[in-house]
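Colleague: Dropping a structure here in structure tokens format, bear with me for questions.
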Amino acid sequence: MHCFIVREQEAKKLKKSTLFGVEDERVYFSLAIDSPVSKHMSAGYIRLHPGYAKELESPVDEVDLFLEGSLTYTCEGNSFTAKKGDIVFIEKGSKVHFTTEEGCFAFFVTYPLMQEAIDEFRKIKKIG
């Protein structure tokens, strides 16, 4: 067992997203905690710019803590808007549509590792 620290300056170094194989100018994120530091979970920050919208089936269990702005989720017919201080849980396999008019900044934690989920998503895309 071990403990590990990532200082805020490093943790908030956001990069343009290439999650799921597509580069998006409106999504920036960091993976502050990921393999090899953790064998099971990923954590980091994500910034979505105004006008961003996406629909997907969540490849991971995810918890989001909102630090700025807002994000509207629609999941299984229910819609809600998360704002600063709110915490959202998304269960793996949930079909979620989310949009932000003003943009948002959040801290997230995923299980399993984000890279495992991305690899699985890419396999499914190749098969389907």
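Colleague: Starting from the Cα of K15, draw a straight line to each of the aspartates and glutamates and keep only those under 13 Å, dropping any in the same chain fewer than 8 residues away.
Modeller: Result set, ordered by chain and number: E23, D24, E25.
Colleague: Going by C-beta contacts inside 10 Å, put F105, F89 in order with the fewest on the left.
Modeller: Ranked by crowding around the Cβ, least crowded first: F89, F105.
Colleague: Non-local amide H neighbours of L67 (under 5 Å, H modeled in plane, Pro and chain starts lacking H): which ones?
Modeller: Sorted by chain and number, the residues that satisfy this are G85, F105, A106, F107.
Colleague: Counting trypsin sites (Lys or Arg not before Pro) as exposed when in a DSSP loop with at most 16 other beta carbons within 10 Å, what is the longest stretch of the chain free of them?
Modeller: The longest such stretch corresponds to 40-83.
Colleague: Students often get this wrong, so try it: which of [x] 0.95; [y] 1.60; [z] 1.32 is Rg/Rh (Cα atoms, Kirkwood Rh) as calculated from the structure shown?
Modeller: Read-out from the structure maps to [x].
Colleague: For the chain, which longest stretch is free of loop sites, where a loop site is one of the GluC sites (Glu not before Pro) that DSSP puts outside H, G, I, E and B and that has at most 16 other Cβ atoms within 10 Å?
Modeller: 24-75
Colleague: Let me ask another. Rounded to the nearest 500 deg cm²/dmol, what is the calculated helix-only ellipticity per residue at 222 nm for the chain, with -39500 (n - 2.57) per DSSP H run of length n ≥ 4?
Modeller: -4000 deg cm²/dmol
Colleague: Turning to a different aspect of this structure: Hey, in the GNM for the chain with a 10 angstrom Cα cutoff, which one of D34, D61, D86 fluctuates hardest?
Modeller: It is D86.
We did not get these values from a lab; they are worked out from the coordinates using the rules stated. Bear in mind the structure is a predicted one, so any value in this text is a computation, not a measurement. FYI the Cβ positions are ideal-geometry reconstructions off the backbone, even for glycines, and counts take in every protein chain you see.
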